[in-house]
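Engineer: After the structure tokens below, expect a handful of questions from me.
The values are calculated or read from the model by the stated rules, or taken from the named source; none is laboratory data. Just so you know, these numbers come straight off a predicted model, no measurement behind them. Here the Cβ positions follow ideal geometry from the backbone for every residue, glycine too, while neighbour counts run over all protein chains shown.
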Amino acid sequence: MRRIKIIEEKIFVFLSAFMTYSLILVLLFIIGVIFVKGFNALNPDMVLKTPRGGYYYGGEGGVLNAIAGSLYIAIGATLIAIFIGLPAALYINVQLIRHRKTQNTIRYFLDALWGIPSIVYGAFGFTLMLFFGMNASLLAGIITVALLISPIMVRTFDEVLSTIPRGLHEASLALGSTRTETAFKVIFRQGFPGFITAVLLSFGRGIGDAASVLFTAGYTDNVPVNLDEPAATLPLAIFFQLGSPIPEVRERAFASAVILTFIILLLSFAARYLAKKYSRTNLR
Amino acid sequence: MQQSFFSLVFSADWAPSEGRFGFRPYITGSLYVTLLSFLFTLPVCLLSAIYLTRFSPQWLIRIMHPVIDVLAGLPSVIYGVWGILIVVPVVAGTIAPALGTSSSGYSILSGGIVLAIMCIPYILNMLIEVFRTVPAGLIEASLSLGATRWESVKHVVIRGNYPGIISAYGLGIAKAFGETIAVMMVVGNVVKVSGNPFDAAYPLPALIANNYGEMLSIPMYDSALMFAAFLLLIIILIFNMIFRYLIHKTKKQ
């Protein structure tokens, strides 16, 4: 009886170790496949040029239009989300500190918002766009993506703020500062590493999301200059180029995928490094 | 022309230009892909979460954190590209012939595999959080009664956390159900109701994403697509509301 138990344990520990290690392998495999496939077609032109005539038949050019469009949309949306999210997260953790129930209800609804798929945000943004009589444009894309990433920003920042000890809050109030001063000068500074993580996470989500900008941002071969011009985005560029029957264009889709993966990896490492760097000066 | 709610949801008659909208192929397509991905994630996430919280060396946990973060942060279009490069040829060239059928590779099975890989980091993260809430005393009590470590896991960690585990998977399912681009790239997008995982399907999000261009040119088509978005929203919102509530409750204990 005892032996059977031990054998059972050995089998299951082996199985679960196998699953865990294979997850690391899967990640390396995905990134490896993308990089190996994409490096053939990756050249400076891809990053530095917009599509020229005949680009979609294998002619020369690059995806600068999509890189610029993606960055514009992600930066714009992140700015709007900071504008909404920063005060919201501080409000939840400073003004509402004595109302546990309200805090939890707000968190609950934000989590539900986080769970809504981006295609629904896209459809919503599209309806909003039609309602205001706008065309597919940079502005519409920015607004839709901002709606998508605001809950992410608030919840990620809030998660860090909620771990700040209450004593710090009380100490600040005891020194005679108002709640707003406490929020911006004490709590925000203490939660700054979390703020950076939240910003970079939302930025990454915004730059990588395809379904929400599919209806709203449109697609163009030029780098957008005004807010009312359509804008191309990197995920859509990958998607459209992959749908082409011409091998060279498909190769370029893989190269664009390398660019996008590289941006995401960079953001992820930057978030880790910066959060560590700024939390060194924190009070503990 | 108007259709009743039931004929919209249960009819398989899809002819937008004649004003007939039956969503059954899309709904079954979505459900089938999601179900398959759930079957794939079920053992992987549960076992790795147990390993990471109970058995693993400390250095592995330190490595797994960035791995989970990066996997969760990769855009869905990247998973789609990977699916087209690897999963589709493998399904078409290896799995389908091994089971004695043929497939183009753009199939429900490929969609399920890609979705599963996408959902694993998300579910795993929540499961690890849930398992961390188990008090060490409970495990120690079980060990001191002579149970092996695996038995303690089975009877204390898993048995005591049913709500948390179910919620983690419920939220994962909700995420899989609304996933658009990655699935759309590998699932084939053919309108039909089929039980064969090697056939192509057409999930709801793909329907919305593929047809936005022509939706204003056919009468009622835009309403139909918005109805699809509405169905997605309601189903996912209900899932989220129920399981978030359960998870909030587990965390409070």
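Engineer: On the basis of being hydroxyl-bearing (Ser, Thr, Tyr), at pLDDT below 90 and buried (at least 19 other Cβ atoms within 10 Å of the Cβ), does residue A:55 make the cut?
Structural biologist: On the way: hydroxyl-bearing (Ser, Thr, Tyr): yes; at pLDDT below 90: yes; buried (at least 19 other Cβ atoms within 10 Å of the Cβ): yes.
The answer is yes for residue A:55.
Engineer: Looking only at residues in region B:209-233 that are within 18 Å of residue B:10 (Cβ to Cβ) and aromatic (Phe, Trp, Tyr), which one is modelled with the highest pLDDT?
Structural biologist: Of everything passing the filter in region B:209-233, B:230 is modelled with the highest pLDDT.
Engineer: I want to confirm something. Restricting to region A:33-66 and keeping residues that are small (Gly, Ala, Ser) and part of a loop (DSSP other than H, G, I, E, B), which single residue is farthest from residue B:82 (Cα to Cα)?
Structural biologist: Taking region A:33-66 first, the residues small (Gly, Ala, Ser) are A:38, A:41, A:53-54, A:58-59, A:61-62, A:66.
Of the ones still in play, those that are also part of a loop (DSSP other than H, G, I, E, B) are A:41, A:53-54, A:58-59, A:61-62.
Working: A:41: 16, A:53: 29, A:54: 27, A:58: 22, A:59: 25, A:61: 24, A:62: 21 Å.
It comes out as A:53.
Engineer: Output the residue which, of all residues in region B:176-204 that are closer than 13 Å to residue B:105 by Cα and not hydrophobic (A, V, I, L, M, F, W, C), is nearest to the other protein chains (Cβ to nearest Cβ).
Structural biologist: Per the stated criteria, the residue is B:189.
Engineer: Another question, then. Filter region A:1-31 for residues that are more than 8 Å from every other protein chain (Cβ to nearest Cβ) and over 19 Å from residue B:116 (Cα atoms) and give the result.
Structural biologist: A:1, A:2, A:3, A:4, A:7, A:10, A:11, A:14
Engineer: List the pairs whose first member sits in region A:142-156 and is without any contact (Cβ under 8 Å) to a residue 12 or more places away in the chain and under 11 Å from residue A:202 (Cα atoms), whose second member is of a type in the set (Phe, Trp, Tyr) and part of a helix (DSSP H, G or I), and whose Cβ atoms are under 7 Å apart, counting only residues at least 6 apart or on separate chains?
Structural biologist: Qualifying pairs under 7 Å: none.
Engineer: Quick check on my filter: what residues within region B:201-243 are farther than 18 Å from residue B:17 by Cα, assigned to a helix (DSSP H, G or I) and not aliphatic (A, V, I, L, M)?
Structural biologist: Listed by number, the residues that qualify are B:205, B:230, B:239, B:240, B:243.
Engineer: Continuing with this model, one more query. Could you check how many residues of region A:199-223 are of a type outside the set (Phe, Trp, Tyr), within 20 Å of residue A:139 (Cβ to Cβ) and crowded, with 22+ Cβ neighbours inside 10 Å?
Structural biologist: Residues that pass the stated criteria total 12.
Engineer: Please enumerate the residues belonging to region B:93-111 that are under 19 Å from the mean Cα position of the chain (by Cα) and more than 14 Å from every other protein chain (Cβ to nearest Cβ).
Structural biologist: Correct list: B:107, B:108, B:109, B:110, B:111.
Engineer: Write out, first by first residue and then by second, each pair whose Cβ atoms fall under 8 Å of each other, whose residues are 6+ apart or on separate chains, and whose first residue, in region B:142-166, is in contact (Cβ under 8 Å) with a residue 40 or more places away in the chain and over 18 Å from residue A:10 (Cα atoms) while the second is part of a helix (DSSP H, G or I) and of a type in the set (Lys, Arg).
Structural biologist: Pairs that qualify, where the first residue is in contact (Cβ under 8 Å) with a residue 40 or more places away in the chain and over 18 Å from residue A:10 (Cα atoms) and the partner is part of a helix (DSSP H, G or I) and of a type in the set (Lys, Arg), are B:163/B:249.
Engineer: Would you mind telling me which numbered condition in (1) more than 7 Å from chain A (Cβ to nearest Cβ); (2) buried (at least 19 other Cβ atoms within 10 Å of the Cβ); (3) closer than 24 Å to residue A:261 by Cα residue B:90 fails?
Structural biologist: Unmet condition: (2).
Engineer: Do you know which of the residues in region B:206-253 that are small (Gly, Ala, Ser) and more than 8 Å from chain A (Cβ to nearest Cβ) is farthest from the chain's Cα centre (by Cα)? Lay out the reasoning, then the answer.
Structural biologist: First pass over region B:206-253, keeping only residues small (Gly, Ala, Ser): B:206, B:209, B:213, B:217, B:223-224, B:228-229.
Now drop any that are not more than 8 Å from chain A (Cβ to nearest Cβ), which leaves B:206, B:213, B:217, B:223-224, B:228.
On the way: B:206: 15, B:213: 27, B:217: 33, B:223: 27, B:224: 24, B:228: 18 Å.
Out of the qualifying residues, it is B:217.
Engineer: Residue A:27 versus (1) part of a loop (DSSP other than H, G, I, E, B); (2) not assigned by TED's automatic domain parsing to the domain that holds residue A:249: which is the lone unmet condition?
Structural biologist: Of everything listed in (1) part of a loop (DSSP other than H, G, I, E, B); (2) not assigned by TED's automatic domain parsing to the domain that holds residue A:249, residue A:27 misses just condition (1).
Engineer: Would you tally the residues in region A:180-201 being more than 11 Å from chain B (Cβ to nearest Cβ) and under 16 Å from the mean Cα position of the chain (by Cα)? Give the derivation first.
Structural biologist: Of the residues in region A:180-201, the ones more than 11 Å from chain B (Cβ to nearest Cβ) are A:180-196, A:198-199.
Adding the requirement that they be under 16 Å from the mean Cα position of the chain (by Cα) leaves A:194-196, A:198-199.
Qualifying residue count for the region: 5.
Engineer: Something else about it: Identify, please: which residue in region B:39-56 is β-branched (Val, Ile, Thr) and closer than 11 Å to residue B:153 by Cα and is, among those, nearest to the other protein chains (Cβ to nearest Cβ)?
Structural biologist: Quick first cut of region B:39-56, residues β-branched (Val, Ile, Thr) only: B:41, B:44, B:50, B:53.
Cutting the leftovers down to closer than 11 Å to residue B:153 by Cα gives us B:50, B:53.
Values: B:50: 5, B:53: 10 Å.
Checked region B:39-56; the qualifying residue nearest to the other protein chains (Cβ to nearest Cβ) is B:50.
Engineer: Right, next: What do you reckon, is residue A:256 within 11 Å of another protein chain (Cβ to nearest Cβ) and touching a Leu at 6+ places or on another chain (Cβ under 7 Å)? Spell out how you get there, then give the answer.
Structural biologist: Values: within 11 Å of another protein chain (Cβ to nearest Cβ): yes; touching a Leu at 6+ places or on another chain (Cβ under 7 Å): yes.
The answer is yes for residue A:256.
Engineer: Name, by its number, the condition in (1) modelled with pLDDT under 90; (2) within 12 Å of chain A (Cβ to nearest Cβ) that does not hold for residue B:12.
Structural biologist: Result: residue B:12 passes all but (2).
Engineer: A further question on this structure: Looking only at region A:161-187, how many residues end up being among the hydrophobic types (A, V, I, L, M, F, W, C), outside any loop (DSSP other than H, G, I, E, B) and surrounded by fewer than 20 Cβ atoms within 10 Å (Cβ to Cβ)? Show your work before the answer.
Structural biologist: Start the filter on region A:161-187 by keeping residues that are among the hydrophobic types (A, V, I, L, M, F, W, C), which leaves A:161, A:164, A:168, A:171, A:173-175, A:183-184, A:186-187.
Next, from what is left, pick out any that are outside any loop (DSSP other than H, G, I, E, B): A:161, A:168, A:171, A:173-174, A:183-184, A:186-187.
Keeping just the survivors that are surrounded by fewer than 20 Cβ atoms within 10 Å (Cβ to Cβ) gives A:168, A:171, A:173-174, A:184.
Number of matching residues: 5.
Engineer: Count, please, the residues in region B:10-30 that happen to be assigned to a helix (DSSP H, G or I) and either on the phi > 0 side of the Ramachandran plot or free of Cβ contacts under 8 Å to residues at least 40 places away in the same chain (or both). Lay out the reasoning, then the answer.
Structural biologist: Pass one, region B:10-30, residues assigned to a helix (DSSP H, G or I): B:10, B:16-18, B:24-30.
Restricting the remaining residues to those that are either on the phi > 0 side of the Ramachandran plot or free of Cβ contacts under 8 Å to residues at least 40 places away in the same chain (or both) gives B:10, B:18.
Adding up the residues that qualify gives 2.
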